[in-house]
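The values are calculated or read from the model by the stated rules, or taken from the named source; none is laboratory data. Here the structure is a predicted model, which means the values were calculated and not measured. Cβ placement follows ideal geometry from the backbone for every residue including glycine, while neighbour counts extend to all protein chains displayed.
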Amino acid sequence: HIHSLRQVDSIYIYNVDEKINKKWIEKYFKIKCMVLELDELVPKIQTNLNKIDESFAIFSFKTNINQDQSITELNNQFLYSQIIMDCLLRIENNLSDRTQLISLCENIYKDNKIQLNHIKEFEKTYTSNQALS
């Protein structure tokens, strides 16, 4: 099923049949919306992309880049990503943190059986040597 693929974040349905039962859509959290008009679709996708961009804002920084600065900017971004990776690798393994993360995720996804299954799989199979690999 497409809903179980981790690579798929969002699903948008363009449907020309207004008579379709929308109840089945509510069962799948990855379905963001169903639209009847094509011109409604792009703003819905853009809104979702903006939310995703906001979530990842901590990992990026913006500057005005001219052609001469582009290599420097890329080097800065690479360096920044390496610093983040180094910090993450230096974090001590703590079972309490893992337990707290699992509890938090279970609480957030308490109504989502698919995500709860992923959380249980993580809880059963994850080991710290798998991190960032």
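Just a few scattered comments:
- Within region 86-113, residues that are within 27 Å of residue 1 (Cα to Cα) have Cβ atoms under 9 Å from residues that are exposed (fewer than 11 other Cβ atoms within 10 Å of the Cβ) and not acidic (Asp, Glu) in no pair, counting only partners at least 6 apart in sequence or on another chain.
Residue by residue, here is whether (1) at pLDDT 75 or above; (2) surrounded by 10 or more Cβ atoms within 10 Å (Cβ to Cβ) holds:
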residue	(1), (2)
69	no, yes
98	yes, yes
125	yes, no
131	no, yes
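- Those residues of region 1-39 which are at pLDDT 80 or above and either in the same structural domain as residue 118 (by TED's automatic domain parsing) or of a type in the set (Ser, Thr, Tyr) (or both), in sequence order: 10, 12, 14, 28
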